[in-house]
Number of protein chains: 2
Amino acid sequence: MQEIEFAVPIPSRVSPGLDRARERHLRWVTDAGLVGGGEARRRYEFSQVADIAAHGFPDATGEDLDLCCDLLGWMFLFDDQFDAGDERKADALAVCGQLTDVLRGGPPAPGAPPIVTAFARCWVRMGTGMSPAWLRRTVHDWVDYLAGWPTKIADRAHGVVLDPAAHLRARRRTIGCRPVLALAERVGRFEVPPPVWHASHLEAMRLAACDAVIAMNEIHSYEKDRAGGYANLVSALVHHDGLAESQAVQRVRETVRDSVESFLRLRSGLPDFGRAVGAEPAVLARYGGALAAYIRGYHDWGRGALRYTTRGHPGDLGLENLLMPRAD
Amino acid sequence: MQEIEFAVPIPSRVSPGLDRARERHLRWVTDAGLVGGGEARRRYEFSQVADIAAHGFPDATGEDLDLCCDLLGWMFLFDDQFDAGDERKADALAVCGQLTDVLRGGPPAPGAPPIVTAFARCWVRMGTGMSPAWLRRTVHDWVDYLAGWPTKIADRAHGVVLDPAAHLRARRRTIGCRPVLALAERVGRFEVPPPVWHASHLEAMRLAACDAVIAMNEIHSYEKDRAGGYANLVSALVHHDGLAESQAVQRVRETVRDSVESFLRLRSGLPDFGRAVGAEPAVLARYGGALAAYIRGYHDWGRGALRYTTRGHPGDLGLENLLMPRAD
């Protein structure tokens with residue numbers, strides 16, 4: 001359902017480094033052991049997942065854009081390991097634990113799976129130059145993202161159609177927006193200092209950005225989710241609220257509109273907020289701009305991304321098992 | 001408003017070890033440097049905060065009950081450091097960071113503040129005998145609790161009356177229910193294994209338990225919060241939804257009722273849930289029972305707790321600064 005239009009009154013921009021970064025990122029996923037040859041490579045190139053970096057971080061170029069491509073690309077590859085069949089479940093759970101340990105300060109074990117070592121290297125790059133306070137809160141955002149995946153495994157085993165609120169709660173973790181918004185500070189070379197970053201005003205902005213992206217994603221991936229028998233907000237609304245499919249789609253579109261409106265209203269309140277809490281106005285403006293750019297960037301990427309097509313789609317990125325310890 | 005009645009159809013129970021544990025806990029807070037002599041001790045004894053352990057964990061006795069008293073007592077003492085005036089703000093923020101580092105595996109620095117060393121010792125006791133998976137997820141729950149306090153500081157600086165949803169979001173962190181529910185597994189000597197613990201069914205039970213406790217607490221502490229000029233859900237409803245105070249109180253009572261009903265409905269679904277996910281029925285039953293006991297225990301303790309009286313109240317527990325490095 002990528003043809004569905006969303007109201008996102010934020011300017012459309014893209015990093016001038018896209019083409020160069022795409023080529024370089026393909027070498028990186030290959031060198032990191034995340035994408036092998038042949039069919040896996042064909043699927044990865046087809047999916048264009050890492051292009052989202054250039055749309056979501058339009059001011060990033062050079063090594064900063066490369067970091068965004070690698071982290072976002074990693075997230076899609078990690079995601080698809082969970083759709084690759086039940087026999088990978090135990091390994092996927094174990095990997096969530098290993099990644100949590102990496103974030104809490106342990107280097108990956110020798111011979112750790114490629115999905116772990118690749119993340120560990122990205123995490124070192126992501127933390128470079130950032131303060132201890134930013135590192136602490138960003139570890140928490142990453143671990144919260146990781147905590148969403150066992151939920152997905154358990155809910156599938158349960159075989160239940162989650163109600164819309166529960167579905168949204170689970171998606172707020174696995175969508176990965178919070179660590180991505182922390183990445184926006186890193187590549188923008190600024191930080192919202194504590195305790196200002198923790199204020200409910202900014203938390204509400206993050207939540208609105210997150211919900212806008214989730215709701216767009218649910219529409220983009222609906223046909224693919226339905227074909228695969230996976231959870232989706234549209235299906236949850238049909239099942240629990242007794243809506244027709246078209247009504248449910250409309251409801252999700254309204255969630256996009258409401259979330260974006262809420263985000264923009266909170267963003268326009270940043271100068272007043274900053275005066276009250278004594279925060280540097282320029283830093284808050286950059287933060288608001290970075291969040292807005294990610295919402296718009298997701299929108300622009302998602303409309304065209306071949307990841308969500310169902311016609312002529314070569315299959316997901318989970319062809320290769322990236323969860324097993326390496327022999328070397 | 002402790003006279004207000006709540007519908008909590010869960011049996012009332014209390015640990016037979018209460019009196020012994022209370023005496024021993026008073027020695028512990030003194031030895032740990034958390035409560036000095038004179039007025040600070042008088043206030044602590046008056047508050048009866050650690051008694052909540054015997055109500056919330058009615059099956060715990062001996063060392064297990066002691067651990068519950070110490071951790072719950074610690075939480076109240078920590079909480080009140082944030083109400084002790086602006087001059088402690090920076091130290092309180094720094095302590096949140098130090099506690100996060102302790103949870104992620106670093107021992108406290110030599111000469112660390114008493115609130116940090118006392119927590120570190122409790123955390124070692126809390127983790128004893130628990131699996132790596134339980135430790136990982138419980139660290140996350142503790143860190144999430146700690147992340148709520150900078151929000152409180154920032155929101156006070158902002159000077160805004162949060163809307164009810166934002167107020168509830170912030171309280172879901174600082175109420176501390178999630179680490180307390182993990183403590184219930186520890187002292188019950190059982191664990192809900194992964195990924196079952198992460199299932200949305202159990203997450204919804206935790207959330208309902210948490211919201212029931214929050215809503216009761218908002219009523220219990222309303223007069224005290226109003227007197228101190230602090231945020232409270234009743235005030236949020238009056239301010240944002242245009243309710244009279246009595247209507248707002250009624251709305252919060254309904255939140256208690258709805259949350260408890262939702263919890264009990266989900267609890268009665270545990271056998272079906274367990275069959276679907278292949279979980280041991282006895283473990284799920286114990287978990288449901290432990291959560292129910294904590295809801296009821298909070299209810300019973302909160303009605304009588306002198307912490308929330310406004311008449312003849314000697315003052316909060318923040319008399320002594322527990323955030324400064326120790327000279328010794």
Looking at region B:180-215, residues buried by 50 Å² or more relative to their chain on its own, accessible surface at probe 1.4 Å, turn out to be B:Pro195, B:His198, B:Ser200
Please give the contour-minus-distance gain from A:Arg303 to A:Leu135: 0.36 nm per residue of separation, less the Cα-Cα distance, rounded to one decimal in nm. 57.2 nm
Take each complete run of DSSP H in chain B, measure how far its Cα atoms stretch along the helix's own axis, and keep only those covering 18 Å or more with mean Kyte-Doolittle hydropathy at least 0.0; list them. B:62-81, B:89-103, B:114-127, B:200-220
Specify the inter-centroid distance of region A:221-261 and region A:2-69, based on alpha-carbon positions, in whole Å. 26 Å
Assigning unit charges at the beta carbon (Lys, Arg +1; Asp, Glu -1) and nothing else, what dipole magnitude in debye, to the nearest 20, does the protein assembly as shown show about its Cα centre? 320 debye
Complex-versus-alone comparison for region A:150-178, residues with a loss of 20 Å² or more in accessible area, probe 1.4 Å: A:Pro150, A:Thr151, A:Ala154, A:Asp155, A:Ala157, A:His158, A:Arg169, A:Arg173
How many angstrom separate the Cα center of region A:85-102 from the Cα center of region B:267-312? 30 Å
With the label 7 angstrom out along Cα to Cβ, how close does A:Gly38 come to the same site in each of the other copies, in nm, nearest first? 8.0
If you scale each eigenvalue of the Cα gyration tensor by 5 and take the root, what three semi-axes come out for chain A, rounded to whole angstrom and sorted largest first? 28, 26, 19
Which whole-angstrom value gives the distance between the alpha carbon centres of region A:130-206 and region B:144-217? 16 Å
Stick to Cα atoms and the Kirkwood definition of Rh, then tell me Rg/Rh for the protein assembly as shown. 0.96
At a 1.4 Å probe, what is the % contribution of carbon and sulfur to the accessible area of the protein assembly as shown? 53 percent
Given unit charges at Cβ for Lys, Arg (+) and Asp, Glu (-), the dipole magnitude of chain B about its Cα centre in debye, nearest 20, is 440 debye
Full extension from B:Arg257 to B:Thr30: what is 0.36 nm times the residue separation minus their Cα-Cα distance, to one decimal in nm? 77.8 nm
Using +1 at the C-beta of Lys and Arg and -1 at the C-beta of Asp and Glu, which of B:Pro108, A:Tyr222, A:Gly17 has the Cα lying farthest in the positive direction of the dipole of the protein assembly as shown? B:Pro108
Using a basic spin-label model with each label point 7 Å from the Cα along Cα→Cβ, how many nm lie between B:Ala227 and A:Tyr230? 5.5 nm
Run the helix sum for chain B: -39,500 (n - 2.57) per DSSP H stretch of 4+ residues, divided by residue count, reported at 222 nm to the nearest 500 deg cm²/dmol. -22000 deg cm²/dmol
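The values are calculated or read from the model by the stated rules, or taken from the named source; none is laboratory data. Everything numeric here is computed off the predicted structure, so don't read it as measured data. In this analysis, Cβ positions are derived from the backbone assuming ideal geometry, glycine residues included, and neighbour counts consider all displayed protein chains. Only protein heavy atoms, including side chains, enter the accessible area calculation; ligands, DNA and RNA are left aside. Shrake-Rupley method; radii C 1.70, N 1.55, O 1.52, S 1.80 Å.
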